[in-house]
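Asks: Sending over a structure as structure tokens; questions will come in a sec.
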Amino acid sequence: MDNLIFTSEFIVNLFDKYRDKLEDFYPSEKWAFEKINSLANDFGKILDVGCATGGLGRALSAHYNVKKYDGIDINKQAIEKANSIIDTYPIPVNFECGDILNLDKFSNYYDNVFSLSCADWNIRTIDIINRCWELVKPGGFFTISVRLTNIDGVNDFNKSYQVLKYKNTEPEMANYVVFNWKIFLKMIYGLNIKPSEVYGNGYWGGPSSNAITPYKKLVFSCFVIKKGASFTNTTNVNLSFPLDLLL
């Protein structure tokens with residue numbers, strides 16, 4: 001099944017006014033930014049998968065060392081908006097509209113690849129994760145936000161979804177993917193080039209008010225995953241999660 005192509009104004013209007021300053025981001029995301037900075041002290045070249053209007057690039061470049069920022073989003077209106085304010089960036093930027101699974105123009109040289117509120121909002125979540133990982137250079141980082149549970153997860157658009165609606169526009173439905181935390185870690189460990197380091201941070205919270213999902217609470221988390229060399233034998237894992245998630 002193909003990924004969903006979002007066309008409504010919801011994403012544009014939400015991210016045009018939100019998530020372009022560091023304080024707008026969730027605690028687990030801000031933790032991830034600080035973790036990367038502590039490990040590398042330079043964000044280098046960034047690819048933002050699901051960039052919306054490009055707020056992550058503005059937020060990071062205002063506080064950290066960033067050399068270049070590329071963004072891709074499946075929503076045409078979001079990319080048009082991002083390109084209309086391209087002169088607000090203090091660094092070189094580039095935006096592309098499309099599905100990351102269908103674009104070959106990106107090559108694996110990025111120091112940092114981000115997927116924040118993206119992969120777990122669409123259909124081919126695992127494929128998106130694998131494609132993002134391909135685009136990280138050895139020694140670089142892949143940062144992804146995911147929803148976690150200690151019971152069975154779900155990646156079924158008919159069982160768990162979120163309604164996206166802006167004012168009087170027609171609503172769109174987004175997949176609302178939830179991972180069992182052990183299965184997610186096994187998946188990360190099984191990436192085609194094994195991570196050398198995995199860091200995770202998260203906290204319990206209730207699902208979005210416009211999400212139709214069987215869960216009453218979830219751990220909203222962010223992972224920073226460092227790409228090792230092809231001969232990496234071990235993976236160091238450091239998790240900061242509520243204890244009752246891990247039991």
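The values are calculated or read from the model by the stated rules, or taken from the named source; none is laboratory data. These figures come from a predicted structure and were not determined experimentally. With ideal geometry, Cβ positions are generated from the backbone for all residues, glycine too; neighbour counts draw on all protein chains shown.
Asks: Taking only segment 219-235 into account, find how many residues are modelled with pLDDT of 95 or more, over 13 Å from G139 (Cα atoms) and surrounded by fewer than 23 Cβ atoms within 10 Å (Cβ to Cβ).
Replies: Matching residues across segment 219-235 total 1.
Asks: Here is a check on your reading of the model: is Y109 among the aromatic types (F, W, Y), on the phi < 0 side of the Ramachandran plot and surrounded by 15 or more Cβ atoms within 10 Å (Cβ to Cβ)?
Replies: no
Asks: On the basis of being part of a strand (DSSP E or B), of a type in the set (D, E, K, R) and either over 25 Å from V93 (Cα atoms) or at pLDDT 95 or above (or both), does D156 make the cut? Can you show your working first?
Replies: On the way: part of a strand (DSSP E or B): no; of a type in the set (D, E, K, R): yes; either over 25 Å from V93 (Cα atoms) or at pLDDT 95 or above (or both): yes.
Taking the combined requirement at face value, the residue does not satisfy it.
Asks: Assuming Y166 fulfils every condition listed in (1) at pLDDT below 95; (2) farther than 17 Å from C51 by Cα; (3) within 12 Å of the chain's Cα centre (by Cα) apart from one, which condition is it?
Replies: (3)
Asks: Same structure again: I need every pair where a residue in segment 47-70 that is touching a residue at least 24 places away in the same chain (Cβ under 8 Å) and over 11 Å from R19 (Cβ atoms) has its Cβ under 8 Å from the Cβ of a residue that is in a helix (DSSP H, G or I) and of a type in the set (F, W, Y), sequence separation at least 6 or different chains.
Replies: Pairs that qualify, where the first residue is touching a residue at least 24 places away in the same chain (Cβ under 8 Å) and over 11 Å from R19 (Cβ atoms) and the partner is in a helix (DSSP H, G or I) and of a type in the set (F, W, Y), are G50/W121; L60/F33; H63/F33; Y64/F33.
Asks: Does segment 207-221 hold any residues that are out of contact with any Leu (no Cβ under 8 Å at 6 or more places or on another chain), assigned to a loop (DSSP other than H, G, I, E, B) and touching a residue at least 24 places away in the same chain (Cβ under 8 Å), and which are they?
Replies: Result: S208, T213, P214, Y215.
Asks: Can you name every residue in segment 95-108 that is in contact (Cβ under 8 Å) with a residue 24 or more places away in the chain and more than 18 Å from the chain's Cα centre (by Cα)? Give the steps one after another, and end with the answer.
Replies: Filtering segment 95-108 for residues in contact (Cβ under 8 Å) with a residue 24 or more places away in the chain gives 95-101, 103, 106-108.
Result: S107, single match.
Asks: Another question, if that's okay. Determine whether V224 is in contact with a helix residue (DSSP H, G or I) (Cβ under 7 Å, 6 or more places away or on another chain) and in a strand (DSSP E or B). Lay out the reasoning, then the answer.
Replies: On the way: in contact with a helix residue (DSSP H, G or I) (Cβ under 7 Å, 6 or more places away or on another chain): yes; in a strand (DSSP E or B): yes.
Yes: the conditions hold for V224.
Asks: Collect the residues in segment 172-184 that are part of a helix (DSSP H, G or I) and within 16 Å of the chain's Cα centre (by Cα), keeping them in residue-number order. Explain how you work it out, then say what you get.
Replies: Start the filter on segment 172-184 by keeping residues that are part of a helix (DSSP H, G or I), which leaves 181-184.
If the condition is that a residue be part of a helix (DSSP H, G or I) and within 16 Å of the chain's Cα centre (by Cα), then F184 is the only one that fits.
Asks: In this structure, is F95 closer than 30 Å to L218 by Cα and surrounded by 15 or more Cβ atoms within 10 Å (Cβ to Cβ)? Outline the logic, then answer.
Replies: Working: closer than 30 Å to L218 by Cα: no; surrounded by 15 or more Cβ atoms within 10 Å (Cβ to Cβ): yes.
Criteria not met by F95.
Asks: Now a separate question. When you go through (1) under 27 Å from N192 (Cα atoms); (2) part of a helix (DSSP H, G or I); (3) more than 16 Å from the chain's Cα centre (by Cα); (4) among the basic types (K, R) one by one for K68, which number turns out not to apply?
Replies: (2)
Asks: Further question: Just checking, does segment 60-78 include any residue being among the polar types (S, T, N, Q) and surrounded by 21 or more Cβ atoms within 10 Å (Cβ to Cβ)?
Replies: Checking segment 60-78: at least one residue is among the polar types (S, T, N, Q) and surrounded by 21 or more Cβ atoms within 10 Å (Cβ to Cβ).
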